[in-house]
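Colleague: The following block contains the structure, expressed as structure tokens.
The values are calculated or read from the model by the stated rules, or taken from the named source; none is laboratory data. All figures in this text were calculated on a predicted structure; none of them were measured in a lab. As a convention, Cβ positions derive from the backbone with ideal geometry for all residues, glycine included, and neighbour counts pool all protein chains shown. Quick note on the areas: whole protein, heavy atoms, side chains included, nothing else; ligands and nucleic acids left out. Shrake-Rupley method; radii C 1.70, N 1.55, O 1.52, S 1.80 Å.
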Amino acid sequence: MKLVIKFAGALLEDKATVQSLAGQIATLAKHGHQILVIHGGGRIFTATLARMGIESKFVGGLRITDRETRDVAVMVFAGLLNKQLAAAISAAGQPAIGISAADAQCFFAEPFVHNDVQGSLGYVGYLTGANTKLLNTFWNEGIVPVAACLGLGSDSELYNINADHMAAACAEYLQADHLIYLTDVPGVLDGENILSGVCCDEIGDLIQRKIVSGGMVLKLEAAKRALEGGVRGVHIVGGTLPDALFAAVASADSNSPIFQDAIPGTRIMREPITHGVHAGMSAA
């Protein structure tokens with residue numbers, strides 16, 4: 001299968017979690033899956049800005065990214081975090097390469113429109129295309145590409161892109177079989193319960209009723225975009241759960257023997273489904 005896997009930035013802060021997930025990616029790649037890894041890193045980015053004495057400014061929850069802030073984003077996302085994650089996957093026995101939009105024009109972006117003004121947030125963008133030929137070259141050579149959440153604008157500037165939306169856009173452009181969000185929570189929560197499944201028609205209601213908020217809203221909106229764009233399935237699962245990635249892939253592969261009887265997290269579906277919560281499971 002062709003898989004797009006998005007790492008939550010919080011997962012990158014724990015070495016043991018990174019090593020576990022890197023090992024799972026290595027195993028999946030060795031079994032023939034074509035994998036694109038995309039990662040965030042917002043908390044580390046914000047902390048790095050603070051250490052450098054650069055104030056983080058937000059409008060309506062959106063970060064204003066001037067040139068100085070953008071340069072730190074490139075340093076953190078395309079530098080430290082990207083290379084550490086690629087190195088961990090390679091150390092697990094699967095060759096991986098850390099890439100960003102600047103490499104062979106791998107990811108294209110346009111300035112984000114806020115309050116009907118393009119570029120009002122500075123160097124914040126949205127993905128408009130991907131160099132699928134380059135990504136296929138990596139896969140044909142048995143290499144897992146690991147991408148930072150950046151896009152290259154028509155002005156040759158790098159733009160910071162929300163990693164959840166970048167993952168969904170890449171899954172759409174690549175016509176991926178499955179998009180997997182590895183998060184620092186066990187799935188989509190309704191109180192303390194983990195929803196086993198959510199269909200696209202339910203997402204607006206979950207947001208309106210404030211059952212989900214913050215980053216989960218972005219993930220669900222991005223998941224809906226991916227499904228409407230032709231991606232076969234989307235799964236949101238806690239990356240710290242044992243064998244979380246194996247289980248998420250099993251949910252997309254009806255022939256897989258791995259954990260078919262106990263798939264954690266939340267599956268996002270196009271069509272209405274009858275769903276509940278995982279028996280015996282909660283966020284606690």
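Colleague: In sequence order, what are the phi-derived ³J(HN,Hα) couplings for region 69-74 according to the Karplus relation 6.51 cos²θ - 1.76 cosθ + 1.60 with θ = phi - 60°, rounded to whole Hz, with x for glycine and proline?
Modeller: 5, 4, 4, 5, 4, 4
Colleague: Next question. Using r as the Cβ-Cβ distance of Asp71 and Glu13, and R0 as 25 Å, what FRET efficiency do you calculate, to the nearest 0.05?
Modeller: With R0 = 25 Å, the Cβ-Cβ based efficiency is 0.70.
Colleague: Using amide H atoms built in the peptide plane, which far-off residues or other-chain residues are under 5 Å from Asp243 H to H?
Modeller: none
Colleague: Related question: Only loop residues by DSSP count here, and only those with at most 11 other Cβ atoms within 10 Å; note down the trypsin sites (Lys or Arg not before Pro) in region 140-233 that meet that.
Modeller: Here the trypsin sites (Lys or Arg not before Pro) that fit, given the DSSP loop and packing criteria, are Arg209, Lys210.
Colleague: Can I ask one more? Which lysines, if any, have their Cα less than 16 Å from the Cα of Lys83, not counting same-chain residues under 8 positions apart?
Modeller: Here the lysines satisfying the reach criterion relative to Lys83 are Lys6, Lys15.
Colleague: Gaussian network model of the chain, Cα springs within a sub-10 Å range: biggest mean-square fluctuation belongs to which of Glu55, Glu172, Glu228?
Modeller: Sorting by GNM fluctuation, first place goes to Glu55.
Colleague: Contour minus end-to-end for Glu141 and Ile54, with contour as 0.36 nm per residue of separation and end-to-end as the Cα-Cα distance?
Modeller: 27.2 nm
Colleague: Express the accessible area of region 190-252 per residue in Å², computed with a 1.4 Å probe while the remaining protein chains stay in the model.
Modeller: Result: 40 Å² of accessible area for each residue.
Colleague: Please sort 134-145, 97-108 by packing, taking for each peptide the average over its residues of neighbouring beta carbons within 10 angstrom, highest first.
Modeller: 97-108, 134-145
Colleague: On a full-extension model of 0.36 nm per residue, what is the gain between Ala91 and Val217, subtracting their alpha-carbon distance, rounded to one decimal in nm?
Modeller: 42.0 nm
Colleague: Oh, and also: I want to make sure I understand the PRE zone here: with the label point 7 angstrom from the Cα of Lys133 toward its beta carbon, which residues in region 150-174 have backbone N atoms less than 18 Å away?
Modeller: Label zone hits: 152, 173-174.
Colleague: In addition: Starting at the first residue of region 168-177, write each ³J(HN,Hα) from the Karplus equation 6.51 cos²θ - 1.76 cosθ + 1.60 with θ = phi - 60°, in whole Hz, x for Gly and Pro.
Modeller: Along region 168-177, the couplings run 5, 5, 4, 4, 5, 5, 8, 6, 5, 6 Hz.
Colleague: On a C-alpha basis, how far is the centre of region 78-116 from the centre of region 169-201 in Å? Whole number, if you could?
Modeller: For region 78-116 versus region 169-201, the Cα centre distance is 21 Å.
Colleague: Note down the relative contact order for the chain as a percent, whole number, built from C-alpha pairs under 8 angstrom at least six residues apart.
Modeller: 21 percent
Colleague: Taking the Cα centre of the chain as the origin, how large is its charge dipole in debye, to the nearest 20, when only Lys and Arg (+1) and Asp and Glu (-1) carry charge on their Cβ atoms?
Modeller: Rounded to the nearest 20 debye, it is 340 debye.
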